[in-house]
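The values are calculated or read from the model by the stated rules, or taken from the named source; none is laboratory data. In this text, all values refer to a predicted model and were calculated from it rather than measured experimentally. All Cβ positions, glycine included, derive from the backbone under ideal geometry; neighbour counts span all protein chains shown. With ligands, DNA and RNA removed, areas are computed over all heavy atoms of the protein, side chains included. Shrake-Rupley method; radii C 1.70, N 1.55, O 1.52, S 1.80 Å.
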Amino acid sequence: MFKYAVRVDASQGKVKVALVDWPEVSVAARRDPLIELKGALLAEIARCVRSKLPIRVPKARPSPSFFVRLSPGEALKVMVINEMFASGRDFRAAAASLNLPERVIRQALDLGQPTDVELLNRILAVVGKRLLAYTVAC
């Protein structure tokens, strides 16, 4: 799971929240700043994918109760996308290497779709990587 640290700016009577590691992802909070910021994050991730740009991963330590979270499945997909783009491959190249339709790869890496860990591992194998999982204390 990824936890993005959040910065709050409450100047001039307005509340603006932004990701510490990705300040371009920000919203003028109206109701629920974390839900609104998560929507902005997902939109920015989609833009990065369309543009074949790396997706920033969190580095700053978040507050224990105030952060934007990507689920383990979403975080895994972000890591696979970053590895794929870093290797110079795109959805079409990964699909061709796996003898699958491109739409299957796009769907597998869509953050809004269920996570198929086996397929993600196969996509990583195309770029010479593999998944390694372990647990940590909460």
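Residue-wise test of (1) surrounded by fewer than 18 Cβ atoms within 10 Å (Cβ to Cβ); (2) within 20 Å of the chain's Cα centre (by Cα).
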{"site": "88", "(1), (2)": "yes, yes"}
{"site": "95", "(1), (2)": "no, no"}
{"site": "99", "(1), (2)": "yes, no"}
{"site": "107", "(1), (2)": "yes, yes"}
{"site": "110", "(1), (2)": "yes, yes"}
{"site": "119", "(1), (2)": "yes, yes"}
{"site": "130", "(1), (2)": "yes, yes"}
Residue hits (region 81-138; of a type outside the set (Val, Ile, Thr), more than 24 Å from residue 43 (Cβ to Cβ) and touching a residue at least 40 places away in the same chain (Cβ under 8 Å)) are 87, 124, 128, 129, 131
Expected single match for closer than 25 Å to residue 136 by Cα, aliphatic (A, V, I, L, M) and out of contact with any strand residue (DSSP E or B) (no Cβ under 6 Å at 6 or more places or on another chain) among 20, 68, 78 is 78
Please give the number of the condition residue 138 fails out of (1) at pLDDT below 95; (2) in a loop (DSSP other than H, G, I, E, B); (3) within 27 Å of residue 9 (Cα to Cα); (4) not aliphatic (A, V, I, L, M). (3)
Given the options 123, 105, name the one that is of a type in the set (Val, Ile, Thr), at pLDDT 95 or above and in contact with a Phe, Trp or Tyr (Cβ under 8 Å, 6 or more places away or on another chain). 105
Expected single match for in contact (Cβ under 8 Å) with a residue 24 or more places away in the chain and either assigned to a loop (DSSP other than H, G, I, E, B) or open to solvent by less than 70 Å² (accessible area, probe 1.4 Å) (or both) among 64, 54 is 54
Leading residue by the ranking (surrounded by the fewest Cβ atoms within 10 Å (Cβ to Cβ)) among those in region 69-86 that are of a type in the set (D, E, K, R) and farther than 15 Å from residue 121 by Cβ: 69
